Amino acid sequence: MQMTKKQWLILGALVVFVIVVVIFGVTQQKEVTNEPIQNEKVPNDVSATGTQRVEFVPDVPENATPTKPEVTYAVGGSNSSFGVYEIQISKNGFSETNLTVKKDDFVKVKVTGVDGEYDFSIPQYGTYALVGQGETKQITFIPDTVGTFLFECRDKCPNGEKISGKFIVLPR
């Protein structure tokens with residue numbers, strides 16, 4: 001079967017497109033070196049404000065102690081517990097700016113919008129909740145990495161300013 005002129009034009013355009021994509025991909029590829037990675041200075045603060053946004057640092061404050069949950073349940077057959085923590089967001093910011101738990105505990109954060117619509121996020125855990133005035137949303141997860149994480153109001157913040165806090169996970 002012979003190809004028509006239209007089919008040859010389509011085939012030619014497809015070949016040109018593939019060549020352009022390959023050339024673009026090669027020119028955009030980052031150079032890989034075998035040099036050892038230098039230890040970078042790890043920021044000692046987790047913050048969403050200011051010029052640098054740091055979502056996670058692998059260390060925890062020396063004097064950090066677990067936050068007392070509103071409600072605690074024992075998890076049978078393990079050292080883990082299930083804690084319920086309440087955070088309110090208002091025009092004055094978060095009611096808690098630090099929340100400290102132990103690794104592998106079950107954590108439920110109840111977030112309440114006091115005087116408007118706000119959002120709450122822990123980016124490293126992929127959590128996000130939009131809460132209306134007087135509304136409470138629940139976020140449940142198990143922190144499996146020791147370190148200090150950012151929690152923040154990202155989109156609908158008091159007075160239009162981003163606010164943040166620290167979610168600290170202590171070793172077991």
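Every number here is computed from the coordinates shown, using simple stated rules; none is lab data. Just so you know, these numbers come straight off a predicted model, no measurement behind them. Cβ placement follows ideal geometry from the backbone for every residue including glycine, while neighbour counts extend to all protein chains displayed.
Descriptive notes on the structure:
- Judged by the mean number of other Cβ atoms found within 10 Å, the most tightly packed of the peptides 107-113, 62-68 leads the ranking 107-113, 62-68.
- Beta bridges per DSSP with both ends in segment 80-132, % antiparallel, nearest 5: 45 percent
- Residue-count net charge about residue 139 - beta-carbon cut-off 9 Å; Lys, Arg +1, Asp, Glu -1: +3
- Taken along the Cα-to-beta-carbon direction at a fixed 7 Å, the label points for residue 57 and residue 24 span 4.1 nm.
- Two-site label geometry, residue 74 and residue 172: point separation in nm, points 7 Å out along Cα→Cβ: 1.7 nm
- Segment residue 13..residue 155, full-extension length gain: 46.7 nm, with 0.36 nm per residue of separation and the alpha-carbon distance subtracted.
- The H on the amide N of residue 86, modeled in the peptide plane, is under 5 Å from the matching H of 70, 110, each at least 5 residues off or on a different chain.
- Of all beta bridges that DSSP places with both ends in segment 56-170, some 65 percent have antiparallel geometry.
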